Structure formats: structure tokens, C-alpha cells
Amino acid sequence: MQNKFNMFLRSALLAAFVFGVSANALSEGKEYITLKTPIPNAQNSLIEVFSYRCTHCYDHHKFNTISKVKEKLPQLTYKFYPVSSMGDYGKQANEIFAFAAFKDEQNKVSQSDKNSLTHKASEAYFNAYFKKKQRWGNGANPEAFYEVGLKAISASKEDLDNFLKTPEAGEILKSYESANDISKNYGTPAFVVNGKYQITPQAITSPQALIEITEELSKM
């Protein structure tokens with residue numbers, strides 16, 4: 001997977017790719033698979049399933065992959081679904097990202113935007129995990145884990161606790177449950193179009209490939 005992502009970055013930096021696909025050229029099992037259990041209410045969307053402790057997810061975050069897709073396909077909705085089954089603080093991470101997603105929607109800011117709270121929370125956790133090597137007691141100090149995300153989105157623990165009591169929080173957290181099963185297919189990150197079609201990692205040979213496959217799958 002690392003070699004594939006290195007190819008992805010090199011092709012982007014050199015701008016040396018010419019790649020074209022059409023709906024007829026896509027083959028199930030080659031460029032994509034159809035999820036057995038689709039993500040509800042996800043038409044016209046691209047969802048990235050990720051984990052704060054996934055190095056490839058961190059690479060995509062630094063490259064701002066989803067934002068680059070959005071530049072070419074602004075008609076789609078872009079979301080990030082954290083995987084709670086990966087890491088000591090999957091539950092806590094889901095709560096932080098659910099709160100960030102809720103606030104982004106209220107503020108009418110795309111989660112793919114660098115100014116979004118979703119992006120800021122991701123940045124904080126990736127930097128803490130990979131740059132600062134923080135492990136927060138390997139599950140023994142959830143308050144320290146919460147603190148990283150809350151500081152990034154300028155919120156208090158009381159703000160988070162109050163949010164978690166709302167129906168909106170329950171709805172978002174429920175939607176995140178699908179991320180665990182999706183991650184079992186190829187690991188993380190995973191890219192899902194329209195809540196139905198997961199792009200296979202081997203098909204993402206360049207940024208343009210991801211953009212064009214996403215575009216064609218969004219029409220299906």
C-alpha cells in the first residue's frame with residue numbers, strides 16, 4: 001500500500017498523468033466493489049473511512065486528497081467516517097469527530113475544507129500520534145485524548161457532553177458504525193462513493209484516477 005501511495009504522490013507532483021475512464025470501463029471487483037450493506041442517506045457523496053492511527057490516512061491528510069477531488073467534483077458531498085475499532089480511543093475519537101461534523105454542518109463548511117473543524121481535529125490527532133508519538137497511556141487516559149481534539153476545535157468537555165445528549169449526536173455516531181465493516185475489506189483509508197461503491201486501493205494509481213473513478217461511480 002505504501003508503494004502505491006508513493007506512486008500516487010509522485011504522479012501528482014510531476015503532473016505526469018493522463019488517465020481516462022468511463023462508466024463502461026469500470027469493472028466490479030477491479031476498480032470497485034459494491035458494499036453488502038450500503039451507507040444510508042449517502043447519495044452524491046464521497047466518504048473517506050479513516051483512523052487517527054493510520055499512516056496512509058495521515059499521508060492523504062497531508063496531501064489533502066479529498067479537497068483535491070472536491071475541486072474537480074464540487075457537486076458531491078464530502079465526509080469523513082472514523083473507525084472506532086482501530087486504536088485505544090476509537091469511541092472517544094468518534095465522539096470528537098461527530099461533534100466537529102455537526103458544527104461544520106451548522107457553519108455550512110465542507111468537512112474537506114482546511115478551515116473545517118473536522119480538518120482541524122484530524123490535524124491535531126495525526127500530529128499528536130505520528131509527530132509527537134503520544135499514546136495517552138494506551139487507553140488509560142481518555143481525558144488526555146479528549147483534550148487534544150477539544151483544543152483543536154475550541155470546545156470544552158461540557159460542550160461535547162451536552163452535544164452527546166442530542167438526537168443529532170446519536171444519528172451521526174450511528175452512521176459511523178458502518179466504517180468498521182468497510183475497513184475490514186482493504187483496511188484504511190477507504191473511499192466510498194454514494195454510500196454503495198468502495199474504490200479498490202489498486203485502482204487509485206493517481207489523483208486523476210481517484211477523481212475520474214469517483215465521478216463515474218457517482219453516476220451509478
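The values are calculated or read from the model by the stated rules, or taken from the named source; none is laboratory data. Just so we're clear, the structure is a prediction, and the values are computed from it rather than from any experiment. Glycine also receives a Cβ, built like all others from the backbone with ideal geometry; neighbour counts cover every protein chain displayed. For accessibility, only protein heavy atoms count, side chains too; no ligands or nucleic acids. Shrake-Rupley method; radii C 1.70, N 1.55, O 1.52, S 1.80 Å.
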Using a 10 Å Cβ count of at most 12 others and DSSP loop calls, identify the longest part of the chain lacking such trypsin sites (Lys or Arg not before Pro). 37-107
Please report the Cα spread of the range 143-204 along all three principal axes, rounded to whole Å, starting with the longest. 43, 25, 17
Can you tell which of Gln111, Gly139, Thr77 lies farthest toward the positive end of the dipole of the chain, using +1 and -1 charges on the Cβ of basic and acidic side chains (Lys, Arg; Asp, Glu)? Gly139
Amide H contacts under 5 Å for Ser84, placed H, 5+ residues apart: Asn180
For the chain, what is the largest minus smallest coordinate of the Cα atoms on each principal axis, given in angstrom and ordered from greatest to least? 51, 35, 30
For Glu158 paired with Ala25, estimate the spin-label separation in nm (one decimal), with each label point 7 Å from Cα along the Cα-to-Cβ line. 5.7
Everything considered on the Cα gyration tensor (a ≥ b ≥ c; rounded for a/c under 1.5, else prolate if a/b is larger than b/c, else oblate), the range 26-116 must be described as rounded
Going by the alpha-carbon gyration tensor, a ≥ b ≥ c the square roots of its eigenvalues, is the range 105-185 rounded (a/c under 1.5) or, if a/c is not under 1.5, prolate (a/b greater than b/c) versus oblate? rounded
For the pair Glu123 and Ser85, the simple spin-label estimate (label points 7 Å beyond Cα toward Cβ) gives in nm 3.2
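So, for the range 140-220, what is the accessible surface per residue at a probe of 1.4 Å, expressed in square angstrom? List each step's numbers first, then the result.
Working: 3590 Å² over 81 residues.
Heavy-atom accessible area per residue stands at 44 Å².
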